[in-house]
1. Quick check on my filter: what residues within the range 160-169 are of a type outside the set (S, T, N, Q) and at pLDDT below 80?
2. Return only the number of the condition from (1) in a helix (DSSP H, G or I); (2) surrounded by fewer than 19 Cβ atoms within 10 Å (Cβ to Cβ); (3) modelled with pLDDT of 85 or more that Lys119 does not satisfy.
3. Give the number of residues within the range 205-214 that are more than 19 Å from Val50 (Cβ to Cβ) and part of a helix (DSSP H, G or I).
4. For the range 178-192, indicate whether the set of residues that are in a helix (DSSP H, G or I) and either small (Gly, Ala, Ser) or over 19 Å from the mean Cα position of the chain (by Cα) (or both) is non-empty.
5. Can you name the residue in the range 51-77 that is aromatic (Phe, Trp, Tyr) and surrounded by fewer than 22 Cβ atoms within 10 Å (Cβ to Cβ) and, of all such residues, is nearest to Leu143 (Cα to Cα)?
6. Of the residues Gly26, Gly11, Gly67, which single one is small (Gly, Ala, Ser) and at pLDDT 80 or above?
7. Six or more apart or on different chains, Cβ atoms under 9 Å: show the pairs whose first residue is in the range 71-83 and outside any helix (DSSP H, G or I) and whose second is among the hydroxyl-bearing types (Ser, Thr, Tyr) and crowded, with 19+ Cβ neighbours inside 10 Å.
8. Taking the condition of being surrounded by fewer than 16 Cβ atoms within 10 Å (Cβ to Cβ) and β-branched (Val, Ile, Thr), how many residues in the range 172-193 meet it?
Amino acid sequence: MEESHSDFVVGDLANWIASAAIIFGGVIPYIPQYNEIKRKEDAEGFSLYVCLALLIANTLRILFWFGKRFELPLLFQSILMNITMLFMIKLCVSVHNKNQIIKAKERVFTDLDINYFWKWTDFQSYLDFVLLFGLVGGIIMYLFVGYPIFVETVGLFAVLTEAMLGVPQFLRNLDNKSTDGMSIVMVTMWTVGDTFKTCYFIHRKTPIQFAICGALQVIIDLGILLQVYIYRNNTPMRPVLRAD
């Protein structure tokens, strides 16, 4: 009886640790990247499209939860990740504006100029987009929550978007032929975290979309780590700042 109770306590503790790792583990890789951008006052090596991918993916995942109740730690992880991405965007926009030699024309969300989508010059524009996306998505989910096919599709889009998380960074590195300015610690933590997440999804028998997402993320993470090795001796090509 004692042994059975002990096994239960250990198992319960392991579940708590795993849940905490899922909730907070996703944001930890961005701490070294945030600190590096702040210390160098240079955001050129970090792609804001990483933030876009995560904001869309986690907003869709939150909406998916209202249609299909998956584990709460995964819901809390999405909320915390969205908050983290907004902090990353705020820092990057601030650093970019501060480093401009020639003052560029202001670009804001309300301009509705597709050529400057996600290239706005103020943080409020990014926040407005996220709030609008969440509001419209919430209304649509409320109207179609009774249709399982729609709900499952939202879940699939959520995880596929998250699975593409590393692609903007991969393409940016490819374009620059360098990984300078990108936190290698961040990508290493991505790889470890995504491997852990994938195992967690499979073990906890979460919706199949989550396991697919995790596997794709691990593959892309490994691709970025390969770039770190290939471009290890390259110096970055900095774009010339100009007024638009």
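The values are calculated or read from the model by the stated rules, or taken from the named source; none is laboratory data. What you see is a predicted model, and the numbers here were worked out from it, not measured in a lab. Every residue, glycine among them, receives a Cβ derived from its backbone with ideal geometry; neighbour counts consider all protein chains shown.
1. Applying the first criterion (of a type outside the set (S, T, N, Q)) to the range 160-169 yields 160, 162-168.
The answer is Glu162, Ala163, Met164, Leu165, Gly166, Pro168.
2. Evaluating Lys119 over (1) in a helix (DSSP H, G or I); (2) surrounded by fewer than 19 Cβ atoms within 10 Å (Cβ to Cβ); (3) modelled with pLDDT of 85 or more leaves (1) as the failure.
3. Start the filter on the range 205-214 by keeping residues that are more than 19 Å from Val50 (Cβ to Cβ), which leaves 205-212.
Applying the additional criterion that residues be part of a helix (DSSP H, G or I) yields 208-212.
So the answer is 5.
4. So in the range 178-192, the residues in a helix (DSSP H, G or I) come out as 184-192.
From what is left, the residues that are either small (Gly, Ala, Ser) or over 19 Å from the mean Cα position of the chain (by Cα) (or both) are none.
Looking through the range 178-192, none of the residues is in a helix (DSSP H, G or I) and either small (Gly, Ala, Ser) or over 19 Å from the mean Cα position of the chain (by Cα) (or both).
5. Our first condition is that a residue be aromatic (Phe, Trp, Tyr); within the range 51-77, this holds for 64-66, 70, 76.
Restricting the remaining residues to those that are surrounded by fewer than 22 Cβ atoms within 10 Å (Cβ to Cβ) gives 65-66, 70, 76.
Working: Trp65: 15, Phe66: 12, Phe70: 20, Phe76: 24 Å.
Looking at the filtered set, the residue picked out is Phe66.
6. On the way: Gly26 fails: at pLDDT 80 or above; Gly11 fails: at pLDDT 80 or above.
It is Gly67.
7. none
8. The total comes to 3.
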